[in-house]
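The values are calculated or read from the model by the stated rules, or taken from the named source; none is laboratory data. What you see is a predicted model, and the numbers here were worked out from it, not measured in a lab. Neighbour counts are summed over all protein chains in view; Cβ atoms, including those assigned to glycine, are modelled from backbone coordinates with ideal geometry. Side chains are part of the model used for accessible areas, which takes the heavy atoms of the whole protein and leaves out ligands, DNA and RNA. Shrake-Rupley method; radii C 1.70, N 1.55, O 1.52, S 1.80 Å.
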Amino acid sequence: MPRSFVGEARKRVGPKRIRVRPVIERLAAEYADARIALTFANELELLVSVMLSAQTTDVNVNRVTSTLFEKYKRPEDYLAVPQEELERDIFATGFFRQKAKSLRGTMRVLLDEFGGEVPRTLDELVRLPGVGRKTANVVSSELGNPRGIVVDTHVRRLSQRLGFTKQEDPVKIERDLMRLVPREDWARFPHLLIWHGRRVCIARAPRCEDCVLLDLCPSARV
Ligand code: SF4
């Protein structure tokens, strides 16, 4: 969009601080079920699912974990088999060698330092091998302890289109969002944007004419 149109559009919708609440409320009304798309039954399964979800789809991870979690129920189970066997069991999620190595390293630390339990805070989670800030953010948010806002491709795109950030780098986008989004909404905010991004504000062709945020969005095209 040319610069003059961007300025016009920003004026039309008003400041982001005023818009952020109605954006959250409207998306929450639209997607009452917005939640993480991974299937898990406990904290360990949550952690493993999020670790496996790097560079693949949630649907693919759920397909793999539906049988994986029958076999691997405790941290010890991931260490009881040869690494090659674990690699075969998670092969379909891609990057299986690195993921198997990270999973085994993480299970070792869980047993050695956390009594076999998944820690709840971001600072503890990032100490696990192969667990970066994004994975730790997702897990700690799901465990009711959000310390940041998860930024994936949808959150990035929608935050930019909604004029909530001008940044490209996920860490800087997260920082902008943490200043803007009320803390009590940090956990659900990414889910709302992800659901909207998959259904309406699609990457290549946003369906602005069907969007509940039409009058709040500086990028609306109608
Ligand atoms: S109005 Fe268009 S660009 Fe803005 S959030 Fe809705 S679909 Fe996306």
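Things to note:
- Which listed residue, of Arg179, Arg207, Arg157, is of a type in the set (D, E, K, R) and in contact (Cβ under 8 Å) with a residue 12 or more places away in the chain: Arg157
- Listed conditions (1) over 22 Å from the mean Cα position of the chain (by Cα); (2) surrounded by fewer than 20 Cβ atoms within 10 Å (Cβ to Cβ) are all met by Leu86, apart from (2).
- Close Cβ contacts (under 6 Å, 6 or more residues apart or on different chains) running from residues in the stretch 37-58 that are on the phi < 0 side of the Ramachandran plot and assigned to a helix (DSSP H, G or I) to residues that are open to solvent by 30 Å² or more (accessible area, probe 1.4 Å) and of a type in the set (D, E, K, R) comprise Leu46/Glu142.
- Residue ID - surrounded by the fewest Cβ atoms within 10 Å (Cβ to Cβ), chosen from residues in the stretch 47-79 that are aliphatic (A, V, I, L, M) and more than 15 Å from Ser102 (Cα to Cα): Val59
- Number of positions in the stretch 89-99 that are open to solvent by 70 Å² or more (accessible area, probe 1.4 Å) and in a helix (DSSP H, G or I): 3
- Looking only at the stretch 26-46, residues that are of a type in the set (Gly, Ala, Ser) and either open to solvent by less than 30 Å² (accessible area, probe 1.4 Å) or under 17 Å from Asp89 (Cβ atoms) (or both) come to 2 in all.
- The criterion of at least 3 residues that are buried (at least 16 other Cβ atoms within 10 Å of the Cβ) and away from the ligand (no atom under 16 Å from the Cβ) is met by the following helices (runs of 4 or more DSSP H) wholly inside the stretch 113-222: 122-125, 133-142, 170-180.
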